[in-house]
Amino acid sequence: MKPDFWPAGPDAPRRGAAPLELKGALEPRGATEDDLDEMVRLERLCHEEPWTPDNFLGELGREVTLARGLWLAGDLVGLYVSWVVAPECHLLNLMVHPRLWGLGLGRRLMGDLERESAARGAVRFLLEVRLGNVRAQNLYASLGYEVVGFRSNYYDDGSPAVLMTLETGGRGPAPAGADEARPPAAAEES
Ligand SMILES: CC(C)(COP(=O)(O)OP(=O)(O)OC[C@H]1O[C@@H](n2cnc3c(N)ncnc32)[C@H](O)[C@@H]1OP(=O)(O)O)[C@@H](O)C(=O)NCCC(=O)NCCS
């Protein structure tokens, strides 16, 4: 049976809820204005300072924006938004449905970002991440990103950001499938 990612009432999705099994094929594709409602719903679940619908529309309207998502059984379960101005790619937003954390979807989205950006001429990747966001920092570090600086008062609540970069030097992007999400057996979260 298809998992219900968006139950209503007291079962409404929240961070820290038990992880779901990853059943079915993930479909990566470009995200468009038609996906706005799904993007906003996922965003509100994933981020402390969520983007507004206008934030998404503003970004989607830019020629330099690369926005792609992962759909599972028709539901948007992961998304990234970035700017690609060759030779640089700046990651603006990355998120995975909290009940699917730890299954490799974040890694898969980052692989997709590298491939799609490299195809547009990017060889340098740049991102800011909240100082306390160890999960995301671990993900980026495991992909070769290095801390190159800090930005104080970066977030609206005054929190600082860590600045991380990856120089691929034009190495061939990992082939599609190399970053496939892990099977359900590896779904346990600490
Ligand atoms: C950050 C985020 C995208 C990661 O997605 P994910 O699908 O859970 O990530 P993955 O399963 O691909 O895990 C990738 C790596 O993250 C790290 N990671 C995963 N779970 C972790 C945990 N519980 N604690 C610390 N690091 C963890 C590991 O390095 C892991 O690699 P490994 O499993 O090979 O060791 C997701 O947690 C999320 O949406 N967070 C909220 C939004 C956010 O913080 N976005 C980033 C803003 S910069």
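No value in this document is a laboratory result; all are computed from the given coordinates. None of the values given here were measured: they were computed from a predicted structure. Note: ideal-geometry Cβ built from the backbone for every residue, glycine included; neighbour counts use all protein chains shown.
Rounded to the nearest 20 Debye, what is the dipole magnitude of the stretch 37-108 about its Cα centre when Lys and Arg each give +1 and Asp and Glu each give -1 at the C-beta? Before the final figure, lay out each step's value.
Values: 7 positive and 10 negative charges, 74 e Å.
Around 360 debye, computed over the stretch 37-108.
Any idea what diffusion coefficient the stretch 100-161 gets from Stokes-Einstein, in µm²/s, Kirkwood Rh on alpha carbon pairs, 20 °C, 1.002 mPa s? It would help to have the intermediate numbers written out before the result.
Working: Rh = 13.0 Å.
Calculated translational D: 165 µm²/s.
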What does the charge dipole of the stretch 90-172 about its Cα centre add up to, to the nearest 20 debye, if the Cβ of each Lys and Arg holds +1 and the Cβ of each Asp and Glu holds -1? 240 debye
Protection proxy ranking of 68-79, 107-118 - average other beta-carbon atoms within 10 Å, highest first: 107-118, 68-79
Report the local net charge at residue 123: Lys and Arg +1, Asp and Glu -1, summed over other residues whose C-beta lies under 12 Å from its C-beta. 0
Potential lengthening between residue 27 and residue 73 on full extension [0.36 nm per residue; Cα-Cα distance subtracted]: 15.7 nm
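What FRET efficiency comes out for the pair residue 135/residue 37, r = Cβ-Cβ distance, R0 = 22 Å, nearest 0.05?
Working: r = 26 Å, r/R0 = 1.19.
That pair, residue 135 with residue 37, gives E of 0.25.
Using 0.36 nm times the number of residues separating residue 54 and residue 148, minus their current alpha carbon distance, what extension gain do you get?
Numbers: separation 94, 0.36 × 94 = 33.84 nm, distance 3.08 nm.
So the extension gain works out to 30.8 nm.
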